[in-house]
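Okay, structure first, notes after.
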Amino acid sequence: MEHPRRREGVMGMPTAWQAGYDWAYDKGEFAWMDCGDAIEAHGWDFNSKEPGQFLEGAKAAQNEQLEGLGK
């Protein structure tokens, strides 16, 4: 079941953040990969800003998921 706030706040976020957010919800073409492989599959250089944005998006989604478990 999708989290009720899943799309709240996603609009206007960087593409890499959105990709990480979706990845944490098992969405997108790289959802089946582990985190590092998903970042690499997007073609982002690990020294660029995108991997950090991806991780921040994934963290936001995981925090939502944890909140859902507490209710």
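The values are calculated or read from the model by the stated rules, or taken from the named source; none is laboratory data. Remember, predicted model here, so these are calculated numbers, not experimental data. Quick reminder, even Gly has a Cβ in these numbers, built from the backbone with ideal geometry, and neighbours come from all protein chains shown. Remember, those area values only see protein heavy atoms, side chains included, never the ligands or the DNA or RNA. Shrake-Rupley method; radii C 1.70, N 1.55, O 1.52, S 1.80 Å.
Kindly check whether there is at least one residue in the range 25-33 that is at pLDDT 90 or above and assigned to a helix (DSSP H, G or I).
no
Given (1) loosely packed, with under 13 Cβ neighbours inside 10 Å; (2) modelled with pLDDT of 90 or more; (3) part of a loop (DSSP other than H, G, I, E, B), where does Leu66 come up short, assuming only one miss?
It is condition (3) that Leu66 fails.
Which ones in the range 10-31 are closer than 12 Å to Leu55 by Cα and open to solvent by less than 50 Å² (accessible area, probe 1.4 Å)?
Ala16, Trp17, Ala19, Gly20, Tyr21, Asp22, Trp23, Ala24
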